[in-house]
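Presented below is the structure to which this report refers.
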Amino acid sequence: SEMTAQTPPQQPPAAPAAAPFSTAEVKAVVKKVLTERLATTRYTAATADGLSRGVLDAVTAAVQALNYDGYKLAVHVSLGESKGQGQQYVAKGFWDNERDNFVTEYFSNDSVYCSVFVVGCYYKY
């Protein structure tokens, strides 16, 4: 009996690896948004809700424009009247040290403070 070599089935080419979540790149766009939106802003309770929503939407759009394929983003904004107070965040969750990352950025002037926390979690495994 004659044996013939069989060619293994062709595998589709591997998808290119997603660009990793760049903390430097994200931090730069968040800082730009905060500076542009808040540099001359005066805090008032009446406008704080709309102001924080505007910052949230602008940061989310700016980070999404960086096109981190395969990443889910979470953006948290805390905005208030600047009275010299401190602020500290704690977050806990499952984490992939090779792909997932986060950025924090803080802005303040003599009237308003704003802190932004952006998390990028890779979900395409």
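The values are calculated or read from the model by the stated rules, or taken from the named source; none is laboratory data. Not measured: the values here are computed from a predicted model. When we count neighbours, we look across all protein chains shown, and the Cβ atoms used for this are built from the backbone with ideal geometry, even at glycine. The accessibility values were calculated without ligands, DNA or RNA, using every heavy atom of the protein model including side chains. Shrake-Rupley method; radii C 1.70, N 1.55, O 1.52, S 1.80 Å.
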Before rounding to the nearest 500, sum -39500 (n - 2.57) across all DSSP H runs of length at least 4 in the chain and divide by the residue total; then give [θ] at 222 nm in deg cm²/dmol.
-10000 deg cm²/dmol
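Measuring with a 1.4 Å probe in the full set of protein chains, what accessible area per residue, in whole Å², belongs to the chain?
I get 71 Å² per residue for this part.
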Can you tell me the orientation of helix 45-64 relative to the chain, as the angle in degrees between its alpha-carbon axis and the longest Cα principal axis, to the nearest 10?
20
Separation in nanometres of the label points that stand 7 Å from Cα toward Cβ, at residue 48 and residue 85:
0.7
Calculated FRET efficiency, residue 72 and residue 94, Cβ-Cβ r, R0 22 Å, to nearest 0.05?
0.95
Globularity index of region 58-115, i.e. its alpha-carbon radius of gyration over 2.2 N^0.38 Å
1.38
The helix 23-38 Cα axis meets the longest alpha-carbon principal axis of the chain at an angle in degrees, between 0 and 90 and rounded to 10, of 30
How much of the accessible area of the chain, in percent, comes from carbon and sulfur atoms when a 1.4 Å probe is used?
53
Percent of Cα-Cα pairs per 5 Å bin, from 0 to the last occupied bin, for the chain, please list those.
2, 9, 19, 16, 15, 10, 8, 5, 3, 3, 2, 2, 2, 1, 1, 1, 1, 0
